[in-house]
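A short reminder: the numbers here are calculations on the coordinates, not readings from a lab. Keep in mind that this is a model prediction, so the values were computed, not measured. Cβ sites come from the backbone with ideal geometry, for glycine too, and all protein chains shown count toward neighbours.
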Ligand code: SF4
């Protein structure tokens, strides 16, 4: 139950960069919310390399909540 709530919060909460980047004219650096959600589900729900304790990718050490937002980022295992 707690894990499900944590997952939902991580997927639906607007990130700081999503809130701030458009303000500075950098919105084009971000993927759409739909793309981000799909990426995040892949990381959080479908990948064995996702570290739920810290929210990081075990391969690249990135925080996936942030990593999944940017157009220039890619999954090191080519899952997205
Ligand atoms: S970025 Fe790729 S390897 Fe890392 S957690 Fe996400 S899907 Fe897994």
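Here are some notes:
- Extended-chain gain in nm, criterion 0.36 nm per residue less alpha-carbon gap, residue 49 and residue 71: 5.8 nm
- Label zone at residue 34 (point 7 Å along Cα-to-Cβ), backbone N below 16 Å, segment 41-76: 41
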